[in-house]
Each structure stands twice: as structure tokens, then as C-alpha cells.
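Just below is one structure, and these are the notes that go with it.
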Ligand SMILES: C[S@@+](CC[C@H](N)C(=O)[O-])C[C@H]1O[C@@H](n2cnc3c(N)ncnc32)[C@H](O)[C@@H]1O
């Protein structure tokens, strides 16, 4: 029997193989290293490159279930750090992490922050423009915001919005996210001062 592949079909199957290979590698590694999902390696790489997390930092993790980013954040902010994890889904307890169940736009983050400001806001939620969190509370001089965004789906608008809110914006594609081809992460730092007349915006969480 002769099997004939078009170059298009071959490219597609190579891509599928690569996707499975990368995914399996990180799934295995996560199991071995005790992370709840392979997503941990995306944050670990982002942190290596962007230096997001430090001991003592206050981190808000939006869309945190099952909790691997919070595991990483809790470990890297010890000692003295604080991690608040928010998700619509149940998150099994993680040492050093306060879990809030609900929509990130509704939960009582201010209470959980106990009057302090977040140093880092992580969002692994599938974004849309109306769901971009109000980042006002990351506006301490070195506040950092990390947002998942997909190339193609309103990506330019998301980028423009972050460039408006932050002095420095970079786009990262972690190795562990290679499988999900259009997924990228946008990192905003050096928050700009918000015009008090424009804030608070009705676009997302009020922290
Ligand atoms: C890709 S998963 C997050 C994985 C997580 N970073 C980890 O490392 O385990 C995205 C999560 O966003 C949550 N999510 C989506 N919309 C949400 C919302 N409006 N409020 C809170 N969580 C939301 C989903 O329930 C889902 O668990």
C-alpha cells in the first residue's frame, strides 16, 4: 500500500507530534515535581526572564485553578510573601495561599489584601477586553501585571491597553506553552499614574 501525504498534511502531522511531545514532557515533569499542572513551567520561565516574584511580594493570581501558578508564587515569595488565588472553580488548599472562590470581578480582593497593595497581578484567565482587570492596585512604583493573551483575538487592543497603563510592556512565549500555538503572555511594568477622572474603570476587578 502506498500512502501519499501532501506537504500540508505532513506539516500538520509534524506540528501535532511536536505539540503532543511538548505537552507530554511538561505533564510528566509536573507530576514528578508535584505541580498541579504543566502551566507551572510557563510561570517559572516567565519569572526567570522577567524577575516577577521575590520574597515578601504580594501576589494576586486570577484564574488560578488548579493552582500550579499559586504553588510557584507561594514558593518564590517566601518568606514574608502573600498569595491570593481566585477562581470560579474549587482550589484545593495550598500552603501559604489564600483561596477565593468566585468571578475575579466580584470577589472581595480588597479584604483579602488587608489594606495592602498587590506587587504582582497574574492573570491566566482567557482574556477579553472587558475582562482586563483594573490594575490600579498594582500601581505601586514596581507593580507588575502578567496577562494571558492570544495572538489574533483582539491582541493588538489588549497590547494597546497595557501600553497605555504601563511604561514597559513585553510579550513572552514560554516554552511550555508551545503546544497552544497562539497563546502568549504580556508583562506590564512601571505602572503609569491613572487619571483619577478615568478611574475606576468598569472593566474588571476592583482590587
Ligand atoms: C488556564 S486555567 C489556569 C491555570 C492556572 N494558572 C494554573 O497554573 O493552575 C484558567 C482558569 O481561569 C478560570 N476563570 C475563567 N474565568 C474566570 C473568572 N471570570 N473569574 C475567575 N476565574 C476564572 C477558569 O475557571 C480556569 O480555572
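None of the figures in this text is laboratory data; all of them are computed from the coordinates on show. Remember, predicted model here, so these are calculated numbers, not experimental data. With ideal geometry, Cβ positions are generated from the backbone for all residues, glycine too; neighbour counts draw on all protein chains shown.
Brief remarks follow.
- Sorted by Cβ density within 10 Å, fewest first, the residues 171, 72: 171, 72
- Ranking of 83, 99 by neighbouring Cβ atoms within 10 Å, starting from the fewest: 99, 83.
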